[in-house]
Amino acid sequence: SGRTLQVVSDSPARGRLNVAAPPNVTRTIVLPDGTESKVELDGSFLAVAQAARFTSLTSAADNLLRRRVTGFDTDDFQTYTKAERGLLAAGGVSVVTLDAGRLVLTDPVTTEQAGGALTQFNDPSASGQKDGVTKAIERVLDTNLVGVVPEDLAQYIVTIKSFIGLTISSLISAGEIGPYKTDTGAVRNISYLQDIQVYHSATDPTKFFFRYFYNLRYPAKRFMG
């Protein structure tokens with residue numbers, strides 16, 4: 001995945017590609033006459049099972065680490081040694097491990113792990129949090145601000161900032177994303193001056209540009225002592 005599945009740094013697909021191992025799995029199905037048949041499947045089915053498991057999580061900040069996937073046979077499920085699992089994960093492959101009869105995700109990663117290896121892209125839950133924030137802000141702005149004819153542009157920009165800030169603050173309170181912090185690591189309130197920027201287009205009076213900043217939440221994966 002480090003060679004063929006990398007995208008440009010500003011691509012929306014960055015951190016959203018998933019390669020699953022093992023590459024081949026089986027599933028036993030029951031036919032209409034009651035007989036059973038074992039069907040051979042490729043790794044894309046395992047990848048879809050991981051994606052489905054991720055969408056079932058109740059919070060965008062939840063992650064797939066040590067979550068179970070189901071629906072595949074375990075008697076012939078390919079296994080890897082610890083060293084092999086480490087090599088695969090470093091190569092941007094999410095490995096499903098057979099553990100005491102259960103199929104468990106031991107180190108879920110995106111293909112970014114084999115590229116830039118930035119945490120905000122190689123952890124699947126990061127994309128879920130980003131999507132949650134984006135959709136929430138789009139919904140709030142569309143519901144409350146589209147179609148309004150501002151009487152005072154400066155005040156209207158303050159209003160835009162307020163809606164964005166309240167949305168982000170509510171997501172922080174719900175645990176969907178991480179809180180803002182000072183340089184020393186202390187939790188702080190949102191700064192409408194630094195964390196949210198809104199600009200009125202110089203060429204189109206009907207257009208406004210905005211940017212905002214927030215922190216993601218990450219799972220604890222490794223302990224060394």
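The values are calculated or read from the model by the stated rules, or taken from the named source; none is laboratory data. Computed from a predicted model, the values in this text were never measured in an experiment. Neighbour counts are summed over all protein chains in view; Cβ atoms, including those assigned to glycine, are modelled from backbone coordinates with ideal geometry. What goes into the accessible areas is simple: the full protein's heavy atoms, side chains included, and nothing from ligands, DNA or RNA. Shrake-Rupley method; radii C 1.70, N 1.55, O 1.52, S 1.80 Å.
Those residues that are surrounded by 15 or more Cβ atoms within 10 Å (Cβ to Cβ) and in a loop (DSSP other than H, G, I, E, B), I need them from the range 75-107; list them, please.
Those that are surrounded by 15 or more Cβ atoms within 10 Å (Cβ to Cβ) and in a loop (DSSP other than H, G, I, E, B): Phe77, Tyr80, Gly91, Gly92, Thr106, Asp107.
Tell me which residues, restricted to the range 141-157, are open to solvent by 70 Å² or more (accessible area, probe 1.4 Å) and touching a residue at least 24 places away in the same chain (Cβ under 8 Å).
Leu153
Taking the conditions exactly as written (out of contact with any helix residue (DSSP H, G or I) (no Cβ under 6 Å at 6 or more places or on another chain), of a type in the set (A, V, I, L, M) and part of a helix (DSSP H, G or I)), does Ile137 satisfy them or not?
No, not satisfied.
Which condition does Gly175 not pass, out of (1) without any contact (Cβ under 8 Å) to a residue 60 or more places away in the chain; (2) assigned to a loop (DSSP other than H, G, I, E, B); (3) open to solvent by less than 60 Å² (accessible area, probe 1.4 Å), if it passes all the others?
(1)
Kindly provide the set of residues from the range 18-56 that are open to solvent by 60 Å² or more (accessible area, probe 1.4 Å) and touching a helix residue (DSSP H, G or I) at 6+ places or on another chain (Cβ under 6 Å), ordered by number.
Asn18, Pro23
I'm trying to understand the selection: among the residues of the range 58-71, which are open to solvent by 20 Å² or more (accessible area, probe 1.4 Å) and free of Cβ contacts under 8 Å to residues at least 60 places away in the same chain?
Applying the first criterion (open to solvent by 20 Å² or more (accessible area, probe 1.4 Å)) to the range 58-71 yields 58-60, 62-63, 65-68, 70-71.
Once the filter is applied, which keeps residues that are open to solvent by 20 Å² or more (accessible area, probe 1.4 Å) and free of Cβ contacts under 8 Å to residues at least 60 places away in the same chain, the range 58-71 yields Thr58, Arg66, Arg67, Arg68, Thr70, Gly71.
Hey, any hits in the range 37-45 for a residue that's among the aromatic types (Phe, Trp, Tyr) and either more than 15 Å from Asn122 (Cα to Cα) or touching a His at 6+ places or on another chain (Cβ under 6 Å) (or both)?
Scanning the range 37-45, I find at least one residue that is among the aromatic types (Phe, Trp, Tyr) and either more than 15 Å from Asn122 (Cα to Cα) or touching a His at 6+ places or on another chain (Cβ under 6 Å) (or both), so the answer is yes.
Kindly indicate the residue of the range 121-140 that is within 16 Å of Gly178 (Cα to Cα) and free of Cβ contacts under 8 Å to residues at least 60 places away in the same chain and also most open to solvent (accessible area, probe 1.4 Å) among those meeting that condition.
Thr134
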